[in-house]
Amino acid sequence: MKPPPLDEVGRVVPHDHPDIGDDWIVVRRIHGGWLKDANDGAIGLSTASFSESSEPPRGMSIDILNLIEEEGIDAKTFLTSRPNYPYAVLFRVGDLRALGLTVGFHPLKEKPPFPANPYHGEVWGIGDARGPKNELRKIAEWFVKP
Amino acid sequence: MHSERPGTGNVFYIIQDSVASTTSASNRIFERQIRNKFNELCALPSGWDGYRSGPVPFGTANFAFALTERIATIADAIPNIFPTSAGEIQAEWEIDGGVVELVFYGPLRASVYVEYEGQSEERELGSDFTFVEGWISDLKAKRTLDEAAAA
């Protein structure tokens, strides 16, 4: 996996990583406070689940499942290792790109109290509007189900 | 009022009991429930979303609190309230088959999404929430007419 592109001060910039294939899977950890009663066949999640971060480079954090599995790590255990976010949904990268979003690689170094996350990525292009978040809710599939 | 959370160095704030006091018992219940939820959001631990997000900023919660309580009173319903990874607050109502979602991005910055009978609309809002209040009032008036027609 090539490293991500950086700006002049060494920060990851939004990008669509060429090594992340359309057939790859990315996973979004789900906080228990985002669950809601399912109606109209929806997944039972608020669109609040799919916001970008307020910190640069302002993408929606994800974990790249292919990278986790390449290391022989049990992804479900890795993703839900703390009590606040016991669930996870998955996206196919091709589906995200079909929505006009980009999927990048952003490995995170250890920064106490946070451990390193070498499998971390981001999805860019969601913005503040409800439309893209609702599309994400529609295409999300449970990976670790409530 | 603010407190230090032991061991983290984080400061979190408690919304004062005196904020947006209302008169009726049901309104006081709404107010208390919403305040409690907002206090929870302001005290979320770092990394609460599984990544590296922090708690909802007090300024966002303070702006959202009075408006959420007011809309809840008009709608006569407590919303589902959610934090986002960007430090926002999202309040969602499902009223008489319609959907209202308010997102508070920060002080004096919000948007609303409404959906009813296949129609939907999304707007940016500042401090003027008359559109939301009017929409909910219209929805309730329509329900009253429907109920009268069915009687």
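Mind checking the mean number of beta-carbon atoms from other chains within 10 Å of the Cβ atoms in B:43-50? Walk me through the numbers on the way to the answer.
Working: counts 0, 3, 3, 2, 6, 5, 12, 17.
Mean inter-chain Cβ contacts per residue within 10 Å come to 6.
What are the equivalent ellipsoid semi-axes of the range B:59-139, built from the alpha-carbon gyration tensor (square roots of five times its eigenvalues), in whole angstrom, biggest first? It would help to have the intermediate numbers written out before the result.
Values: eigenvalues 75, 32, 30 Å².
In descending order the semi-axes read 19, 13, 12 Å.
Chain A packed on chain B takes about 2300 Å² of accessible surface away from a 1.4 Å probe, both sides summed. The calculated FRET efficiency for A:Glu69 paired with A:Asp16, based on their beta-carbon distance and R0 = 25 Å, is about 0.70.
Per-residue mean of other chain beta-carbon atoms within 10 angstrom of the beta-carbon, peptide A:53-65? Show your work: numbers first, answer last.
Details: counts 8, 10, 7, 0, 0, 1, 1, 3, 6, 1, 2, 0, 0.
Taking the mean over all residues of the peptide, I get 3.
Restriction of the trypsin sites (Lys or Arg not before Pro) in the range A:1-108 to DSSP coil positions whose beta-carbon has at most 15 other beta-carbons within 10 angstrom yields A:Arg11, A:Arg58.
Which of the GluC sites (Glu not before Pro) across the range A:42-145 are loop residues per DSSP, with 13 or fewer other Cβ within 10 Å? Before the final figure, lay out the partial values.
Numbers: sites: A:Glu52, A:Glu69, A:Glu70, A:Glu71, A:Glu110, A:Glu122, A:Glu135, A:Glu141; in loops: A:Glu52, A:Glu71, A:Glu110.
Answer by residue number: A:Glu71, A:Glu110.
Burial of accessible area (probe 1.4 Å, heavy atoms of protein chains only) in the range A:102-146, relative to its chain alone, reaches at least 30 Å² for A:Leu108, A:Phe114, A:Asp128, A:Arg130. Counting only Cα atoms, chain A measures 46, 31, 28 Å along its principal axes, largest extent leading. For the range A:49-146, applying the loop criterion from DSSP together with a ceiling of 15 other beta carbons within 10 Å to the chymotrypsin sites (Phe, Trp or Tyr not before Pro) yields no site.
Given a Förster radius of 30 Å and the C-beta distance between A:Met1 and B:Arg109 as r, what FRET efficiency does 1/(1 + (r/R0)^6) yield to the nearest 0.05? Please report the intermediate quantities before stating the final value.
On the way: r = 37 Å, r/R0 = 1.25.
E between A:Met1 and B:Arg109, to the nearest 0.05, is 0.20.
Each of A:His15, A:Phe78, A:His31 was placed along the dipole of chain A (beta-carbon charges, centred on the mean Cα), and the one lying farthest toward the positive end is A:His31.
Multiplying the residue separation of B:Ala66 and B:Ser137 by 0.36 nm and subtracting their alpha-carbon distance yields 23.8 nm.
State in Å² the accessible area per residue of the range A:77-146; use a 1.4 Å probe, count heavy atoms of protein chains only, and round to the nearest integer. Before the final figure, lay out the partial values.
On the way: 3280 Å² over 70 residues.
Ligands and nucleic acids excluded, the figure is 47 Å² per residue.
Spin-label model, B:Thr130 to A:Thr77: label points 7 Å out along the Cα-to-beta-carbon direction sit 6.1 nm apart. For the segment A:29-35, counting C-beta atoms of other chains within 10 Å of every residue's C-beta and taking the mean gives 5.
Sum -39500 (n - 2.57) across every DSSP H segment of at least 4 residues in chain A, then divide by the residue count to get the 222 nm mean residue ellipticity, nearest 500. Could you put the intermediate results ahead of the total?
Numbers: 4 runs with 27 residues, N = 146.
Computed ellipticity for chain A at 222 nm equals -4500 deg cm²/dmol.
The values are calculated or read from the model by the stated rules, or taken from the named source; none is laboratory data. Keep in mind that this is a model prediction, so the values were computed, not measured. Backbone-built Cβ (ideal geometry, glycine too); neighbour counts: all protein chains shown. Accessible surface areas use protein heavy atoms only, side chains included; no ligands, DNA or RNA. Shrake-Rupley method; radii C 1.70, N 1.55, O 1.52, S 1.80 Å.
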